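Chemist: Following this message is one structure expressed as structure tokens.
Derivation of every value follows stated rules applied to the coordinates shown; laboratory data play no part. Just so it is clear, the structure is predicted and the values come from calculations on it, not from any experiment. As a convention, Cβ positions derive from the backbone with ideal geometry for all residues, glycine included, and neighbour counts pool all protein chains shown.
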Amino acid sequence: MHNGMLEITSSIKSMFEQSMEQMRLISERLVQGNGDGKGIALELKNMGLTDEDQLDVLTYILEKPQHVSTFMSIDNSLRWTFVRRILGEIRQL
């Protein structure tokens, strides 16, 4: 019975450690995601978009990590093209 308790304790400890690591990763993602969102929002505002277009494009970009990566990795002139493409897609919906 003593070995059984040690196994249970070891399993619980392992599950707890894994849960803590997952929470750490999720927290990092959330903090990182918020930083990207603020930066993107500022860029969209600086582009002179209407408030409605800013919100539509920001929501669209933040829906998927690849949109965020694309927006953050391209230069300003290409960002404007990317935003116009997004607005076109949004308006077709």
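Chemist: Could you work out the helix-only [θ] at 222 nm for the chain, with each DSSP H run of four or more residues adding -39,500 (n - 2.57) and the total divided by the number of residues, to the nearest 500 deg cm²/dmol?
Modeler: Working: 4 runs with 83 residues, N = 93.
That comes out to -31000 deg cm²/dmol.
Chemist: Give, rounded to the nearest 20 debye, the magnitude of the charge dipole that the chain has about its Cα centre when Lys and Arg contribute +1 at Cβ and Asp and Glu contribute -1 at Cβ. Mind showing how you got there, number by number?
Modeler: Details: 10 positive and 13 negative charges, 25 e Å.
It works out to roughly 120 debye.
Chemist: Moving to a separate point now. Work out the FRET efficiency for Asn46 and Gln22 from their Cβ-Cβ distance, taking R0 = 30 Å, and round it to the nearest 0.05.
Modeler: Values: r = 36 Å, r/R0 = 1.21.
Efficiency for this residue pair is about 0.25.
Chemist: Once you have a ≥ b ≥ c as the square roots of the Cα gyration tensor eigenvalues for the chain, tell me rounded if a/c is under 1.5, and otherwise prolate or oblate according to whether a/b is larger than b/c.
Modeler: Numbers: a/c = 4.38, a/b = 3.66, b/c = 1.20.
Prolate shape, in that a/c is at least 1.5 and a/b is the bigger ratio.
Chemist: Give the relative contact order (percent, whole number) for the chain; include only Cα pairs under 8 Å separated by 6+ residues. Spell out each step's value before the answer.
Modeler: On the way: 27 pairs, mean separation 19.5, N = 93.
Normalised by residue count, the contact order of the chain is 21 percent.
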